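Below is one structure, written out as structure tokens, with a few remarks after it.
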Amino acid sequence: MACNPWKSLDDMIAVLTAENVVADEFRAQFDAVLKQAATAAQAIHTIAACDRETMLEGAEKASRLIAILEVRFGADRDSPSFMAGRLEALSDVLGFGAEQCAPAGFADVVLSEKYKPVLVVLKDGAKTLVELAETLGQQPEVVRGLLDELQYQGVTLSHMRIRTRYHQLSPAAQSLLDA
């Protein structure tokens, strides 16, 4: 699944690098993009759905916007400088978020038809291997292989309750499936 939440940043770069741009014309677009990026739901879905490389791309675009603001508008404590400070914070958050993200290809695994039956069952909560196998109508060995692959990719987690192992979706996989 392709994740590209940075179109807004690309649009801002295009506006700022235009020949006759002035700070007043840029403010409205800038504020709208930051408001959208700052909503908790947007941030959670972006971080959960994107891989590390995509998050780093967003951080790099925000850093580029900071540099453009500094060069074009002086970044001297007036409004453009304030905007640069807000972009610096956004760049830091996105850079941090990249370190917390699932690896590249995570969304492809979660959304793949191969794993869909297992993930649909786990979406309702933790299950044992036997419960999964029975629900799916598969041999436990087959389901075990799928679970091993999913756990390796960070899509599922397992934990013990007394002597029984339970398998569940990782928070990132749950968020992606809920989106």
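All of the numbers you see were taken from the coordinates with simple rules; none came from a lab. What you see is a predicted model, and the numbers here were worked out from it, not measured in a lab. Cβ atoms come from the backbone with ideal geometry, glycine included; neighbour counts cover every protein chain shown.
Multiplying the residue separation of residue 18 and residue 161 by 0.36 nm and removing their Cα-Cα distance gives an extension gain of 45.4 nm. A full extension of the chain between residue 138 and residue 10 corresponds to an added length of 41.4 nm, given 0.36 nm per residue minus the alpha carbon distance. Distance between the modelled labels on residue 128 and residue 178, one decimal in nanometres: 2.7 nm (7 Å Cα→Cβ projection).
Annotation: extensible slack from residue 53 through residue 71 equals 3.8 nm (criterion: 0.36 nm per residue apart, minus Cα-Cα distance).
If you take the alpha carbon atoms of the range 106-178 and fit the smallest convex hull around them, that volume is 79 Å³ per residue.
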